[in-house]
Amino acid sequence: MRPLTPLASLLLAAAAAAALIGLTFVVEPFRSYQLATACAYLCAVAGLTLLTGAGGQLSLGQAALMAAGAYSYALSANALAGAGVEGALLLLVPLGASILGASILGVVIGCAAGRLHGPYLAGFTLALVVAIPAVTSTFSAVLGGDQGLWITVEKRPTALRGTVSNEQWQAWLAIICAVAVMVVLNNLLRGRFGRQLRAVRDNDAAASLSGVNAARTKIISFTVSAAAAGLGGGLLAYVTQSASPGAYSLVLSLYLLMAAVIGGIG
């Protein structure tokens, strides 16, 4: 199936976002909360689809990237709240931090991916997920140990209070972010980067002979996938108002991979 054109992608995204936002007016608040959670996971699954489907890089570490995004969100949000920051900055800056924090980890994984293939790469990314509880315990003074961190979040805008529930607002934010991720990834896949990524997946030696920098392409693909997962982790932290190692286990990584396969890994 060919990727959508930019205009078609934008129109489809706008229609999907409008339909899902409209759905929040007819379902109970708990369903809106579930929808927000699903959209957070969708961001991570979309990034994994680009990495594994288009790039051929098997990763079992998507939960670790979500954890990096969640903890980046938690630390930045609590720091801003402690400094007295309120309003949109208390929402947007932590979301940006979640993307940045996961992207940095994605660069590190991408550098290793340039030398690892197949089960070796899967094992390396698997180790990242397994190491999450140990990392949070080692730096428990900052990361909260096994209990994790409670997060001070910015509630819905004042203008919406009284007419829109907090769960609806969470769903709206998650829907917009998930749809934006899908549009960006679709545009990347249909452009030059997408062609390079598929060339490296099919045969990295042949791609190199064609002038494609295979190592750089892999690093970029891991970084983009990590950014999407980090945003998903930040959204999940915002919705649940917490970040803990138990929420980002190996089981979650396997579920994310399963969702990508069922949804269409290619």
Yes/no for LEU95 being modelled with pLDDT under 95 and in a helix (DSSP H, G or I): no
When you scan the stretch 167-186, do you find a residue that is assigned to a loop (DSSP other than H, G, I, E, B), within 26 Å of GLN57 (Cβ to Cβ), open to solvent by 20 Å² or more (accessible area, probe 1.4 Å) and of a type in the set (Val, Ile, Thr), even just one? no
Consider the stretch 136-148. How many of its residues are among the β-branched types (Val, Ile, Thr) and touching a residue at least 40 places away in the same chain (Cβ under 8 Å)? 2
All positions within the stretch 54-76 that are more than 11 Å from the chain's Cα centre (by Cα) and at pLDDT 95 or above: TYR71, SER72, TYR73, ALA74, LEU75, SER76
Among (1) among the hydroxyl-bearing types (Ser, Thr, Tyr); (2) within 23 Å of ALA64 (Cα to Cα); (3) at pLDDT below 85, THR138 falls short only on (3)
Taking the stretch 256-266, which residues are without any contact (Cβ under 8 Å) to a residue 60 or more places away in the chain and either in contact with a helix residue (DSSP H, G or I) (Cβ under 8 Å, 6 or more places away or on another chain) or not in a helix (DSSP H, G or I) (or both)? none
Cβ-Cβ under 7 Å pairs, at least 6 apart or on other chains, the stretch 149-163 side over 19 Å from PRO94 (Cβ atoms), far side modelled with pLDDT of 90 or more: LEU160/TRP169
Can you list the helices (runs of 4 or more DSSP H) lying wholly within the stretch 101-166 that have 2 or more residues being touching a helix residue (DSSP H, G or I) at 6+ places or on another chain (Cβ under 7 Å) and open to solvent by less than 60 Å² (accessible area, probe 1.4 Å)? 118-130, 132-138
Condition first: farther than 25 Å from TRP150 by Cα and either open to solvent by 20 Å² or more (accessible area, probe 1.4 Å) or in a helix (DSSP H, G or I) (or both). Can you find one or more residues in the stretch 32-40 that meet it? no
So LEU197, is it within 30 Å of ASN166 (Cβ to Cβ), in a helix (DSSP H, G or I) and in contact with a helix residue (DSSP H, G or I) (Cβ under 7 Å, 6 or more places away or on another chain): no
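The values are calculated or read from the model by the stated rules, or taken from the named source; none is laboratory data. For clarity, every value in this text was computed on a predicted model and none was experimentally measured. Note: ideal-geometry Cβ built from the backbone for every residue, glycine included; neighbour counts use all protein chains shown. Remember, those area values only see protein heavy atoms, side chains included, never the ligands or the DNA or RNA. Shrake-Rupley method; radii C 1.70, N 1.55, O 1.52, S 1.80 Å.
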